[in-house]
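Enquirer: Right, I'll just put the structure down here and ask away after.
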Amino acid sequence: MSYNAKNFSVMAYANGFTLWNYRSEDNLETIKGSGYFNDAGAFARVGDMILVNGAINATVEPAILTVMSIEDDAVTVAPLATAAAA
């Protein structure tokens with residue numbers, strides 16, 4: 001699968017920061033991959049955080065990602081934390 005804008009929603013917004021929620025059947029490695037959130041580049045900003053509920057082997061795989069850069073319509077995210085790290 002790929003990024004689905006219908007599953008990308010604002011949870012909180014303050015002082016130029018947005019906390020997003022994203023739900024997908026994609027696994028976390030795919031979601032963290034290069035270019036996955038490119039279509040969200042018009043909405044997201046560097047420093048925003050994305051609470052992710054991805055899937056792995058039919059179970060939920062949660063993570064917190066942060067938007068590291070947005071350049072030339074390319075969005076780069078990096079893990080802030082995963083459930084395994086908690």
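The values are calculated or read from the model by the stated rules, or taken from the named source; none is laboratory data. Computed from a predicted structure; not experimentally measured. Heads up, the Cβs are rebuilt from the backbone with ideal geometry, glycines too, and the neighbour counts pull from every protein chain shown. Just the protein is used for accessible areas: all its heavy atoms, side chains included, with ligands, DNA and RNA removed. Shrake-Rupley method; radii C 1.70, N 1.55, O 1.52, S 1.80 Å.
Enquirer: Around PHE37, under 15 Å between beta carbons, what's the net of Lys plus Arg minus Asp minus Glu among the other residues?
Expert: Overall, the nearby charge balance is -3.
Enquirer: Please list SER69, SER2 from largest to smallest accessible area, probe radius 1.4 Å, with all protein chains kept in place.
Expert: So, going from the largest accessible area down, we get SER2, SER69.
Enquirer: When DSSP assigns beta bridges and you keep just the ones with both residues in the chain, what percent turn out antiparallel, to the nearest 5?
Expert: Roughly 80 percent of the beta bridges in the chain run antiparallel, per DSSP.
Enquirer: Moving to a separate point now. For ALA5 and GLU25, compute 0.36 nm times the residue count separating them, minus their Cα-Cα distance, and round to one decimal in nm.
Expert: 5.9 nm is the gain from fully extending ALA5 to GLU25.
Enquirer: State the Cα centre-to-centre distance between region 59-81 and region 1-53 in whole Å.
Expert: Here the answer is 7 Å between Cα centres.
Enquirer: Roughly how many percent of the accessible protein surface of the chain is carbon and sulfur, given a 1.4 Å probe and a whole-percent answer?
Expert: Roughly 54 percent, rounded to a whole number.
Enquirer: When the chain is treated as a GNM, springs tying every alpha-carbon pair under 10 Å, which of GLU61, GLU25, GLU71 comes out with the largest mean-square fluctuation?
Expert: Per the Cα network of the chain with a 10 Å cutoff, GLU71 tops the list.
Enquirer: If you take every residue apart from PRO79 with its C-beta less than 12 Å away from the C-beta of PRO79, what net charge results, scoring Lys and Arg +1 and Asp and Glu -1?
Expert: Local charge sum for PRO79: -1.
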